[in-house]
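Data first, discussion second: the structure below is written as structure tokens.
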Amino acid sequence: MRETIYQAREWPMVVVITTLLFFIFIAKFICGNKKNPGRSRSCRLPPGRRGWPLVGDSFNWYNAVASSHPPRFVEQQIKRFGKIFSCSLFGKWAVVSADSSFNRFVMQNEGRLFQSSYPKSFRDLVGKNGVITVQGEQHRRLHGISSNLMRLEKLKFHFLNDIQVIMIQTLYNLQDNQVILLQDVCRKARKQICIFMLINSALFLLLIMTYTTFQVAINQMVNQLLGVSSESEINEMAQLFSDFVDGCLSVPINFPGFTYHTAMKAREKIISKIKKTIDKHRQQGSEEVGNGVLGRLLEEESLPDETISDFIINLLFAGNETTAKTMLFAVYFLTQCPRALKQLLEEQEGLRSNEMLTWQDYKAMSFTQCVIDETLRIGGIAIWLMREAKEDVTYQDYVIPKGCFVVPFLSAVHLDENLYQDALTFHPWRWMDPQNQEKRNWRNSQFYSPFGGGARFCPGAELARLQIALFLHYFLTTYRWTQMKEDRMSFFPSARLVNGFKIRLMSRQHEHMKSSN
């Protein structure tokens, strides 16, 4: 339903958008793209083509990334020009790479030779002070805060049980024989954690992926903090954040009826709620404020309120949608691979007890980790990176000029048949092969980098894997399901299943009770 509303809202504007973009490109062309680094005689860019006049290869690029196989356009160019090639994208000359060595070179030289570069709509929404968009020393500082707050001991002692509380509450509220859109359930499970902590007096504890224990049921916590309006406020925040995410790669037209406008309004309301919580904590005095992560951000880190707000928005974006979509894709792939589903269920049932899972249980999920790795390889959310050369960069025989757009296409490496046999097939057992162990090191491997690399390596990578594993445990051991409607992946404007993955649930407990009778 939401997909239909989204399309209905966007597509009537296609003519207006196309006209505006046309005039933008014309203006750029008339002004003389003499500064276009791709046309400088002193620079030898990788081979490529200009594509269509003005728009270049933008439409071909969009058609590929909006499909179930994002590297399609890249693979076509590789056959003609090699794994590093140049093309014209969105009015700008770009160097695109499916070469694992060059991709690693770009990631390892973040801040020195390259810097992050994002579309205007994305920059406006995530904010100029967030860890995703800032550069230089400010980025190092914010990234360091995030990494420190997500240390392994934090996951073991503060996060493990709390995630399980949320998963149990969300999944156990579903009914036997109920038809659901799993995409919405995954979002709800992830957002209930994020949004609750956003409203909670411990605002930053989850959003920065660590927080003090809350062992009480969600309804008790929400009632204590929010009173009778808690459910509506949580729903309001969920809708605001959904609107926010939808606009991150939209056309930046700030006019009613456009996704960008709706997203900017959502951002304003989210920022307002964050600032109110900051003010509330400051009024409580330094003794109370200093007890948690919020106290550290307000006191130790001495960050301005605007920076704190953007920091939270960035972590919401990076941690919420990506993890929820990977949960969804894992179930989608398992549904298509009954053998993997059977083996995964056997592993999870072998861990089942009357108590919550321990860290030792998590570390014993060997096949589960293979499923997660394979899901991230085929359906990874970060399918490409967006960078810009800070200076003229020499790589092999090429010179990439300052200001040139550089796109390491990670998905093209992950789906390279020369690296992974039957690369498009979901085959989690490949990660048990000793020959793939070097590739599997997602912290350092140049062949498998679902969490990026270098200075912008995702600080919440281990946390994301923990959440996915716990979701799979509780979902698989609680329900069987039947897919009700065909579906497919799409990766633009964000990763999703186009029909939301409609399934019918069957409670395993009810089935067991019936068989016992």
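The values are calculated or read from the model by the stated rules, or taken from the named source; none is laboratory data. Small disclaimer: the values here were computed from a predicted structure and weren't measured. Please note: Cβ atoms are built from the backbone with ideal geometry, for glycine as well, and neighbour counts cover all protein chains shown.
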I'd like to check something: does the range 401-409 contain any residue that is out of contact with any Ser or Thr (no Cβ under 9 Å at 6 or more places or on another chain), in contact (Cβ under 8 Å) with a residue 40 or more places away in the chain, farther than 25 Å from SER494 by Cα and not assigned by TED's automatic domain parsing to the domain that holds SER490?
yes
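Inside the range 450-496, can you point out the residues that are part of a strand (DSSP E or B) and of a type outside the set (Phe, Trp, Tyr)?
Taking the range 450-496 as the starting set, the residues that turn out to be part of a strand (DSSP E or B) are 479-483, 489-490, 496.
Result: ARG480, THR482, GLN483, MET489, SER490, ARG496.
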Could you list, in sequence order, the residues of the range 416-434 that are crowded, with 20+ Cβ neighbours inside 10 Å and either over 16 Å from PHE329 (Cα atoms) or at pLDDT below 95 (or both)?
TYR420, ARG430, TRP431
Report, ordered by the first and then the second residue, all pairs with beta carbons closer than 7 Å, sequence separation of six or more or different chains, a first member in the range 269-281 that is touching a residue at least 24 places away in the same chain (Cβ under 8 Å) and surrounded by fewer than 15 Cβ atoms within 10 Å (Cβ to Cβ), and a second member that is of a type in the set (Gly, Ala, Ser) and assigned to a helix (DSSP H, G or I).
LYS275/SER309
For the range 154-197, what are the residues that are closer than 20 Å to LEU240 by Cβ and modelled with pLDDT of 70 or more?
ILE166, THR170, LEU181, GLN183, ASP184, VAL185, CYS186
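Checking the structure you have, find out if any residue of the range 366-379 is in contact with a Cys (Cβ under 6 Å, 6 or more places away or on another chain) and either in the same structural domain as LYS83 (by TED's automatic domain parsing) or closer than 19 Å to MET327 by Cβ (or both).
Applying the first criterion (in contact with a Cys (Cβ under 6 Å, 6 or more places away or on another chain)) to the range 366-379 yields none.
The answer is no; no qualifying residue exists.
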Expected single match for small (Gly, Ala, Ser), crowded, with 19+ Cβ neighbours inside 10 Å and either under 19 Å from GLN77 (Cα atoms) or free of Cβ contacts under 8 Å to residues at least 24 places away in the same chain (or both) among ALA412, ALA389 is ALA412
All but one of (1) within 27 Å of LEU466 (Cα to Cα); (2) buried (at least 18 other Cβ atoms within 10 Å of the Cβ); (3) touching a residue at least 40 places away in the same chain (Cβ under 8 Å) hold for LEU113; state the number of the condition that does not hold.
(1)
Single residue of the range 116-153 satisfying the filter (within 21 Å of LYS402 (Cα to Cα) and surrounded by fewer than 17 Cβ atoms within 10 Å (Cβ to Cβ)) that is modelled with the highest pLDDT:
LYS120
Take the conditions on the phi < 0 side of the Ramachandran plot and in a loop (DSSP other than H, G, I, E, B) and apply them to SER68. Does it pass?
yes
For THR326, are the conditions met, namely being closer than 16 Å to TRP431 by Cα, in the same structural domain as SER449 (by TED's automatic domain parsing), among the polar types (S, T, N, Q) and buried (at least 21 other Cβ atoms within 10 Å of the Cβ)?
no
The range 435-449, subset in contact (Cβ under 8 Å) with a residue 12 or more places away in the chain and in a loop (DSSP other than H, G, I, E, B), residue surrounded by the most Cβ atoms within 10 Å (Cβ to Cβ)
SER449
Please list, ordered by first then second residue, the pairs with beta carbon atoms under 9 Å, 6 or more apart or interchain, first in the range 478-502 and of a type in the set (A, V, I, L, M), second surrounded by fewer than 15 Cβ atoms within 10 Å (Cβ to Cβ) and part of a strand (DSSP E or B).
MET484/VAL179
